[in-house]
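Let me begin by presenting the structure, written as structure tokens, before commenting on it.
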Amino acid sequence: MTYVIVGSGPAGVVAAETICKLDPNSQVVMVGDEPDPPYSRMAIPYLLINNIDEQGTYLRKDPEHFDNAIKHMHGVAESVDVEAKTLHLADGQKIDYEALLASTGSKPILPPVPGIDGERVTTCWTLEDARKITATLKPGASVVLIGAGFIGCIILEALVSSGANLTVIEMGDRMVPRMLNETSGELLKKWCQEKGVNVMTSAQVESIEHHSDKAVVNISGDRHVDAELVISAAGVRANADFLEGTGVEMKNGAVAVDRHMCSSVPGIYAAGDAACGLDFSTGDFSVQAVQPTAVEHGRIAAANMVRHGSVLHQGCINMNVLDTIGLISVSYGQWQGVEGGDHTSLLDRDRFRYINLQFDEDMLIGANTLGITQHIGILRGLIQGQFNLGKWKQRLMDNPMLLMEAYLAATQGA
């Protein structure tokens with residue numbers, strides 16, 4: 001049995017290892033489009049602040065890990081012949097498969113801005129991007145970061161700690177608008193400003209001019225900022241173009257999968273950012289571009305590739321944990337709430353502490369927190385457990401910090 005995995009990120013690596021355990025006599029071919037060993041993009045911020053070296057980003061530290069049961073090769077997937085069950089690579093190579101997994105992740109979106117393709121502009125998505133950024137970062141360097149979403153905010157600390165003069169430009173009305181509500185997003189902006197970061201929200205980059213010694217970033221409102229380096233972190237989209245023409249159904253820009261992580265074409269599976277999978281909280285299918293979801297997808301897809309639908313995906317909880325220059329923010333589940341649902345919050349603006357809880361009847365379904373970390377696991381447990389809280393709902397409405405007590409009552413009758 002030959003299994004082909006396209007993509008060598010967390011979903012692909014876990015899938016390959018799972019297949020080897022379940023079907024030790026199989027042949028597993030994992031194709032990655034970067035020349036580096038499989039690595040975690042989530043480790044790049046730690047590389048930028050010199051907490052780790054490049055080897056520290058690698059998903060598996062043993063250089064011989066992929067030399068035996070898993071054949072790891074460098075190549076760019078170009079197309080798939082569904083009838084022949086053959087993967088075609090850009091260099092002309094062909095790989096036959098009996099089951100194929102698309103775990104190709106996402107790729108950065110460059111906003112439609114004149115000058116965005118200049119030499120002083122880079123994304124922060126690959127190890128090669130990290131090398132370019134590291135070569136430019138130095139005390140006093142002028143750096144512009146386009147986008148204050150999840151990706152932008154996780155690299156803020158590296159940019160600030162380098163001593164660079166940093167300007168952040170976000171077109172939304174607050175920082176991380178797809179993860180934080182108005183209160184927590186504005187509080188995060190204030191935190192960054194107090195750390196010396198120039199944050200512009202409700203602002204849009206209109207063009208980038210390139211000169212011999214600098215770039216000039218022109219911003220709405222007749223503003224401009226000089227920059228030695230411009231980093232675009234304006235979002236990502238699923239990297240599944242190689243499946244065009246196969247008949248594989250797409251949803252929300254990614255591969256539509258069932259609860260076995262199988263696409264609409266038998267024998268082709270998807271996982272991670274490339275998959276539109278089941279959301280535990282809503283029961284709908286969506287793209288959750290976070291590493292824990294990728295790992296779970298990869299494990300389930302691999303089990304079903306080997307055992308033909310033996311494992312049913314229960315859905316992933318939408319949970320994001322973000323460290324922005326030392327301030328931890330978290331979103332859980334349906335953090336925006338549902339129509340007719342109750343909510344409660346507690347705010348200590350001076351200490352950058354905030355919690356917001358969202359309910360559907362007497363069930364906790366989502367939350368936002370900022371600067372509060374002691375209840376991260378408890379909040380996930382309460383949301384995932386789908387407990388009817390009874391009188392504890394009102395107690396949490398009165399005091400959102402009684403999460404441990406509510407959890408013990410729900411699970412142990414305390």
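The values are calculated or read from the model by the stated rules, or taken from the named source; none is laboratory data. None of the values given here were measured: they were computed from a predicted structure. Here Cβ is always computed from backbone atoms with ideal geometry, including for glycine, and neighbour counts include all displayed protein chains. Quick note on the areas: whole protein, heavy atoms, side chains included, nothing else; ligands and nucleic acids left out. Shrake-Rupley method; radii C 1.70, N 1.55, O 1.52, S 1.80 Å.
Working only within segment 234-252, note down all residues that are open to solvent by less than 20 Å² (accessible area, probe 1.4 Å) and touching a Ser or Thr at 6+ places or on another chain (Cβ under 7 Å).
ALA238, ALA240, PHE242, VAL248
Here's the yes/no breakdown for (1) farther than 21 Å from VAL248 by Cβ; (2) touching a residue at least 24 places away in the same chain (Cβ under 8 Å):
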site: ASN51; (1), (2): yes, no
site: ASP67; (1), (2): yes, no
site: GLU83; (1), (2): no, no
site: GLY92; (1), (2): yes, no
site: ALA99; (1), (2): no, yes
site: PRO114; (1), (2): yes, yes
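Residue under question is VAL338, and the condition is that it be crowded, with 18+ Cβ neighbours inside 10 Å, modelled with pLDDT of 95 or more, β-branched (Val, Ile, Thr) and more than 19 Å from the chain's Cα centre (by Cα); does it hold?
Here the answer is no, as VAL338 does not meet what is asked.
Can you tell me which residue among VAL255, VAL230 is open to solvent by less than 30 Å² (accessible area, probe 1.4 Å), part of a strand (DSSP E or B) and out of contact with any helix residue (DSSP H, G or I) (no Cβ under 7 Å at 6 or more places or on another chain)?
Selected residue: VAL230, the only one of VAL255, VAL230 that is open to solvent by less than 30 Å² (accessible area, probe 1.4 Å), part of a strand (DSSP E or B) and out of contact with any helix residue (DSSP H, G or I) (no Cβ under 7 Å at 6 or more places or on another chain).
Go through segment 341-355 and give me each residue that's farther than 23 Å from GLN193 by Cα and either among the basic types (Lys, Arg) or open to solvent by less than 40 Å² (accessible area, probe 1.4 Å) (or both).
The answer is GLY341, THR344.
Go through ILE44, ILE19, ILE5 for me and flag whichever is over 30 Å from GLY163 (Cα atoms), part of a helix (DSSP H, G or I) and open to solvent by less than 20 Å² (accessible area, probe 1.4 Å).
Just a single option satisfies the conditions, and that option is ILE19.
Test ASN356 against the criterion of being assigned to a loop (DSSP other than H, G, I, E, B) and among the polar types (S, T, N, Q), and give yes or no.
The answer is no for ASN356.
Determine the pairs where a residue that is modelled with pLDDT of 95 or more and among the small types (Gly, Ala, Ser), located within segment 285-297, has a partner that is surrounded by 23 or more Cβ atoms within 10 Å (Cβ to Cβ) and part of a helix (DSSP H, G or I) with Cβ atoms under 7 Å apart, the partner being 6 or more residues away or on another chain.
Within 7 Å, the pairs are ALA294/PRO10; ALA294/ALA11; ALA294/GLY272; ALA294/ASP273.
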